[in-house]
Amino acid sequence: MQAKYLTVLADSCKSVFTQMTKTETVNVSIKRDERLKEIYAVAQVAPYEDFTQRVKGNFLLGFTDERMAVVVASAIAENLGLSAFRQFDDNARDVLNEFMNTIVGHTITGWDKMGFRVRFSPPSSVQNINIRDTAFSCQEAYMIILDLGVDRVVFTITFIDANRNQLQKRIMVVDDSGVIRGILSKTLIEAGFAVQVAEDGLVAMDKYQTFRPHLTIMDLNMPNVGGLDAMQEISHRDPQAKFIVLTSTARRDEEMIARSLNVAAYVIKPVQMHEFMIIVKEALD
């Protein structure tokens with residue numbers, strides 16, 4: 001990836017971090033990540049793609065220790081007049097997603113002025129992610145390191161030639177439980193799939209348009225927009241959309257509606273991961 005684009009990203013990381021946390025950054029450095037073996041306890045991920053569809057990748061704000069994620073989220077919250085967080089909960093996740101969204105937005109604005117036009121999807125929070133086993137590990141990855149004196153924050157961007165990554169299957173996990181999303185996405189990523197997550201049907205319909213998964217794992221009972229409504233709308237937009245229904249109920253009316261769509265399997269929780277992965281692979285085949 002050209003150095004001038006990385007410089008814009010580094011500048012955006014530093015300025016947004018300083019403004020949102022009121023924390024002084026001692027030094028900013030750009031380093032190519034040759035290892036791609038980092039396991040993040042918490043990560044905010046925002047996929048991007050250029051308008052020619054030749055280049056894509058991910059912006060990633062990763063924390064190897066959940067404690068550090070809480071510290072950064074608390075600093076941002078306190079700057080906004082809110083209380084600090086004692087643990088990494090939904091509010092802390094939302095704060096970090098907004099932080100990530102701001103950094104990516106500033107970066108893409110800078111790139112656009114340079115002629116590199118990119119669109120990106122809203123950030124999503126993922127736990128226990130190993131970037132070695134995901135779409136991040138294709139061609140190049142770069143780290144923006146913010147040295148805070150007593151600690152550091154690392155922001156990663158991956159650069160992927162989309163034409164060389166066409167064979168990797170994309171799966172979207174839709175569930176209002178952060179625990180379920182985390183477990184399923186971790187297992188699927190470790191199996192070599194590219195994964196996107198959504199917390200309800202409304203978010204899933206939006207992310208489907210840009211992520212275009214080969215398979216969507218859909219919970220039924222969710223706030224805002226439920227799984228059945230989301231599947232019907234997605235199927236209307238894309239008749240080839242394929243689903244696995246994941247739910248804690250076994251209502252016959254729900255199952256009949258689900259099977260009228262392109263549903264490969266109807267799985268009742270709790271999920272047995274070994275059996276579930278067999279179902280996923282059969283659905284994709």
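The figures follow:
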read-out: Fewest-first ranking of Val8, Val45, using other Cβ atoms within 10 Å as the exposure measure; value: Val8, Val45
read-out: Residue exposure sequence - Arg212, Arg54 - by fewest surrounding Cβ within 10 Å; value: Arg54, Arg212
read-out: Likely footprinting exposure, Ile217, Ile171, fewest C-beta neighbours within 10 Å first; value: Ile171, Ile217
read-out: The stretch 178-285: trypsin sites (Lys or Arg not before Pro) in DSSP loop, at most 13 other beta carbons within 10 Å; value: Arg251
read-out: P(r) weight above 27 Å for the chain, C-alpha pairs, percent; value: 41 percent
read-out: The stretch 150-241: C-alpha gyration tensor shape, a/c 1.5 cut-off, then a/b vs b/c; value: oblate
read-out: Relative intensity, log₁₀ I(q)/I(0), of the stretch 2-80 from a Debye sum that treats every alpha carbon as a point, q = 0.11, 0.13, 0.22 Å⁻¹; value: -0.37, -0.52, -1.33
read-out: Counting DSSP beta bridges with both ends in the chain, the antiparallel % (nearest 5); value: 65 percent
read-out: Span-like helix ranges in the chain, DSSP H, alpha carbon extent 30 angstrom or more, Kyte mean at least -1.0; value: 90-113
read-out: For the chain, built as a Gaussian network whose Cα springs stay under 10 Å, the top-fluctuating residue of Asp176, Asp65, Asp11; value: Asp65
read-out: Residue-count net charge about Ala241 - beta-carbon cut-off 13 Å; Lys, Arg +1, Asp, Glu -1; value: +3
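Read-outs throughout are calculated quantities, based only on the coordinates presented, and are distinct from any laboratory measurement. Bear in mind that the values here come from a model prediction, so they are computed numbers and not experimental data. Every residue, glycine as well, gets a Cβ built from its backbone with ideal geometry; the counts of neighbours run over all protein chains shown.
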